[in-house]
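What follows is a single structure, written as structure tokens, with notes after it.
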Amino acid sequence: MNIAVIGAGGAGLACARLLRDDARVTLFERDPDLGGHARSLPIEVDGVTVHAETGFKYLMLPSHRRTMAWLALHGVPVRRFNSDASLTWEAEGATFVLPPRSLRHVARLLGNPRKLPYLVGLALFKHLTRKIVEEDRWEPTLAEFTHPLLPKDFASGFLQPFFGASWGASSSVIGGFPICDVVRVLPKGVAVAYDVHGGTSAYVAAVTAALTGVEVRTACPVTALRPDGSGVQVTSAAGVERFDRVVLALPGQHAVALLDEWPEWRAVTGQVRTFPTHIVIHSDPAYMPADPRDWCVVNQFHRDGEAFLTEWCGWLERRPVFRTWLPEGRPMPANVHYAGQFDHLVVTPSSIAMQKRIASLQGTGGLYAAGMYVTEVDIHESALASALDVVAAIAPDSAGVRDYRAAIAGGRMPAIQAH
Ligand SMILES: Cc1cc2nc3c(=O)[nH]c(=O)nc-3n(C[C@H](O)[C@H](O)[C@H](O)COP(=O)(O)OP(=O)(O)OC[C@H]3O[C@@H](n4cnc5c(N)ncnc54)[C@H](O)[C@@H]3O)c2cc1C
């Protein structure tokens, strides 16, 4: 079988890797580099390299079990860290550290009766929404969350800016997200997180090295698709070719432009909505809490019901490398290493209907869709889950699928690099 995989983010790479022994695979990537949202930049400060992520970084358990198994299968180690957080209310000049690391932090929390109920509410939020997640209910939304024990404005005054900052979204956009989408990503218990040792580009390099026999074409966008008998004609910078099957592993909002000849596919991918998020990697401490003793991995800044976030990328290395999700109206930080824009998925209660529709269309007209918007919630895990489903549908006896499923079922973890 002759298969085209379009898009080489996490989903496309996984499809190509899992199909490599079962089909003749050609992987088309629009950009000069593979990886899509998985891309890290090595930034050297005083002889130490910090691998700053432009896109995906955080791996949590249990939400990233498939990702952990995938990293383990490719021999890619991870680092483990406590993803602590500081929250600064800019108008009041008050910074809180969660969990508190010193008596100063505890005293500040207890001494602020106005903010304390929000922070206690945050600690309880996962517990209070447990049933919604267990029952896999895609309603209610974050903006609809209320609880008699919590302040009346808990959702609009705190929850929406808090999660908005985490997603790089405005409060109104994140307010429409289903509670179950947001909560699913939270870690179990305290905020233990993992990231890829050497950055996600090391992960992309390891998967790419395993693409034996796959024809990889970078800087080669696919510009048109047409039905061709029982197969599909693919037009790209490399010319026009026929494939038996095509995996659409590019974002849904890009796929829609290729699907004129498949109205059902076009209608469903046309439902994908995104919002832009501006990422700046820099070394400007003005985008961190004023007192370095309050610096955490995650640092949120709240003002007028909105919030944004600066991540301390160089936290483990103790180096001043930061990533800010820069909201509109804020000046550019100084000492910029990278600035870019990503499209982030808007998830709403109707997203689940879209996913079900995609599931029912898989394989029709020779087309399959993979990517983080296709299954579950909007994280790397969903990209891999969708790839596994697609490959299992195309090649049910695939050894790659069997081995990967066994690694997931066995709870396989990558090596954890000491630091
Ligand atoms: C800033 C940011 C931070 C994130 N942080 C996290 C995180 O911490 N943890 C987490 O789990 N997830 C995170 N995510 C979600 C992340 O998007 C997913 O983890 C996942 O990497 C998406 O993979 P994908 O393959 O679905 O899509 P993408 O990575 O977007 O890959 C799609 C690929 O298709 C290519 N393409 C587009 N059009 C064409 C065309 N016409 N022809 C050929 N190729 C084309 C693109 O160039 C791209 O390489 C983050 C996302 C963003 C934007």
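Just so it is clear, none of the values below were taken in a lab; they were calculated from the coordinates. It should be emphasised that the depicted structure is a prediction, and the values quoted were computed from it without experimental measurement. Using ideal geometry, Cβ is built from the backbone for each residue, glycine included, and neighbour counts are taken over all protein chains shown.
Between the helical axis of 399-409 and the longest alpha-carbon principal axis of the chain there is an angle of about 20 degrees.
Partner lysines whose Cα lies under 23 Å from the Cα of LYS115, excluding those fewer than 8 positions away in the same chain, are identified as LYS126, LYS152.
For the chain, the 222 nm mean residue ellipticity estimated from helices alone, with every DSSP H stretch of n ≥ 4 adding -39500 (n - 2.57) and the total spread over all residues, rounds to -8000 deg cm²/dmol. Each other residue within a Cβ distance under 12 Å of GLY12 adds +1 if Lys or Arg and -1 if Asp or Glu, for a net charge of +1. Note on PHE275/ARG357: beta-carbon distance plugged into 1/(1 + (r/R0)^6) with R0 of 22 Å gives a FRET efficiency of 0.50.
Cα centroids of region 265-302 and region 154-168: how far apart, whole angstrom? Between the Cα centres of region 265-302 and region 154-168 lies a distance of 12 Å. Taking the Cα centre of the chain as reference, the dipole from Cβ charges on Lys and Arg (+1) and Asp and Glu (-1) amounts to some 920 debye. Fully extending the segment from ASP403 to ALA238, taken as 0.36 nm per residue of separation minus the present Cα-Cα distance, adds 56.1 nm. Could you calculate the FRET efficiency of ALA224 with TYR338 from 1/(1 + (r/R0)^6), where r is the beta carbon distance between them and R0 is 41 Å, rounded to 0.05? Once the sixth-power term is evaluated, E becomes 0.80. Under a crude label model (7 Å from the Cα following the beta-carbon direction), how far is ARG303 from ALA415 in nanometres? In this crude spin-label approximation the distance works out to 4.6 nm. Across the options LEU367, VAL391, PHE342, the greatest Cα extent toward the positive end of the charge dipole of the chain (unit charges at beta carbon of Lys, Arg, Asp, Glu) belongs to VAL391.
For region 134-269, a crude dipole built from +1 on the beta carbon of Lys and Arg and -1 on the beta carbon of Asp and Glu, taken about the Cα centre, is about 280 debye to the nearest 20.
The 3J(HN,Hα) values that the Karplus relation (6.51, -1.76, 1.60; θ = phi - 60°) gives for region 228-241 are, in residue order, 9, x, 8, x, 9, 8, 10, 9, 8, 4, 7, x, 10, 9 Hz. Gly and Pro appear as x.
Treating the beta-carbon of each Lys and Arg as +1 and of each Asp and Glu as -1, no other charges, what is the dipole magnitude of region 1-82 about its Cα centre, to the nearest 20 debye?
360 debye
Looking at the chain alone, DSSP beta bridges between its own residues are antiparallel in about 70 percent of cases.
Taking packing as the residue-averaged number of other Cβ atoms within 10 angstrom, the listed peptides 314-321, 132-139 run from highest to lowest as 314-321, 132-139.
The local environment of SER283, defined by Cβ-Cβ distances under 14 Å, has a net charge of -2 under the rule Lys, Arg +1 and Asp, Glu -1. Please give the net charge around GLU44, taking every other residue with its beta carbon less than 13 angstrom from that of GLU44, where Lys and Arg add +1 and Asp and Glu add -1. Cβ neighbours under 13 Å give a net charge of -1. Whole-Hz Karplus values for region 336-347 come out as 7, 9, 7, 9, x, 10, 10, 8, 10, 6, 8, 9 Hz, taken residue by residue from phi with 6.51 cos²θ - 1.76 cosθ + 1.60 and θ = phi - 60°; glycine and proline positions read x.
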